[in-house]
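See below for the structure under consideration.
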Amino acid sequence: MSVDASRSDAVRKVQGRAVESTASVRCACYAAWSELCASPHDLDPRPGLRERVGSWGSIGYASSMDALIGDYVDVPLEDLKRQFSGLFEIGSDGPVVPIREDLQTGQRAGTRESLVRFYEHFGYQLAQGFAWAPDHLSVELEFMHFLCYGEATADSDASSQQLAQIDFTERHLLRWVPDLARQVEKESAGSLYARVIAELAQFVAADREWQAGTIVATTV
């Protein structure tokens, strides 16, 4: 069910999606993207990322992730911290590039409220240390991982999680990640995080197209 309105349930129906071969793979993809975009000050994502290499064989548009992860995990943790802080955390007037949707979009009315409704509706609970930033890119990607996991493990009908994935992608990720990628490239062209965010933007767009290809319009 759509969280913000009944529109998606009324006009969209999932059809022809090979859940067994795609849901768990997309779940791993979004978990990896969440780790790549998380602050390395909060955790060292490299061990977990190493274990995910080669996990996305059935998703063609994720084929570049192995090379990206390989380069990322070879960077010393202190260098990751320095690069992340320099772009996303430090600045006399705030971060050079906000990695939170609310800040990146000029604090568009209703952004945080919409995110919280999605999270609460599906029982996604933020860890106490992250509750202050429900709009952080890493959190939003973790939520997509959560929805894909729900799809992969559903005992019967997974349409609620499936429709929520495309709703969330269209209402949130696609509305700000492409702009974030352009801003990071402008501020830090050629850097590791410019590459991470650029490839993420491509992945989100490709995944949205894949999702849309498994959804058909229905009469109300």
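Per-residue 3J(HN,Hα) values for the stretch 142-154, derived from phi via the Karplus relation 6.51 cos²θ - 1.76 cosθ + 1.60 with θ = phi - 60°, read 5, 5, 4, 4, 4, 5, 5, 4, x, 5, 5, 10, 4 Hz in sequence order (x marks Gly and Pro). Rounded to the nearest whole Hz, the Karplus-based 3J(HN,Hα) values (6.51 cos²θ - 1.76 cosθ + 1.60, θ = phi - 60°) of the stretch 175-190 follow the sequence 7, 9, 5, x, 5, 4, 4, 5, 5, 5, 4, 5, 7, 8, 4, x, with x at glycine and proline. Take every Cα pair under 8 Å whose residues are at least 6 apart in sequence, average their separation, divide by the length of the stretch 24-183, and the relative contact order is 28 percent. For Rg/Rh (Cα atoms, Kirkwood Rh), the listed values are (i) 0.93; (ii) 1.26; (iii) 0.96; which was obtained by calculation from the structure presented? Comparing each candidate, only (iii) matches the computed number. In a simple Cβ point-charge model (Lys, Arg +1; Asp, Glu -1; nothing else charged), the chain has a dipole of about 420 debye relative to its Cα centre. Between the C-alpha center of the stretch 122-187 and that of the stretch 8-83 there is a gap of 12 Å. Sequentially through the stretch 156-173, phi angles give Karplus couplings (6.51, -1.76, 1.60; θ = phi - 60°) of 9, 6, 10, 4, 4, 5, 5, 5, 5, 4, 6, 4, 5, 4, 6, 7, 10, 3 Hz, Gly and Pro residues having no value and appearing as x.
Once the Cα-Cα distance is subtracted from the 0.36 nm per residue extended length, the GLU20 to HIS121 segment shows a gain of 33.9 nm. The mean of 1/r over all pairs of different alpha-carbon atoms in the stretch 21-137, once inverted, gives a Kirkwood hydrodynamic radius of 16.0 Å. By the Cβ-Cβ criterion of under 4.7 Å, the unpaired cysteines of the chain are CYS29, CYS37. Amide H contacts for ARG12 (H built 1.01 Å from N in the peptide plane; partners 5 or more residues away or on another chain; cut-off under 5 Å): THR218. Residues whose amide H lies under 5 Å from that of ILE215, counting only those 5 or more places away or on a different chain, are GLN15; hydrogens are built 1.01 Å from N in the peptide plane.
Of TYR193, TYR124, the sequence from fewest to most neighbouring Cβ atoms within 10 angstrom is TYR124, TYR193.
Values in this text are rule-based calculations from the coordinates and carry no lab data. Bear in mind that the values here come from a model prediction, so they are computed numbers and not experimental data. Note that each Cβ is placed from the backbone with ideal geometry, even for glycine, and that neighbours are counted across all protein chains shown.
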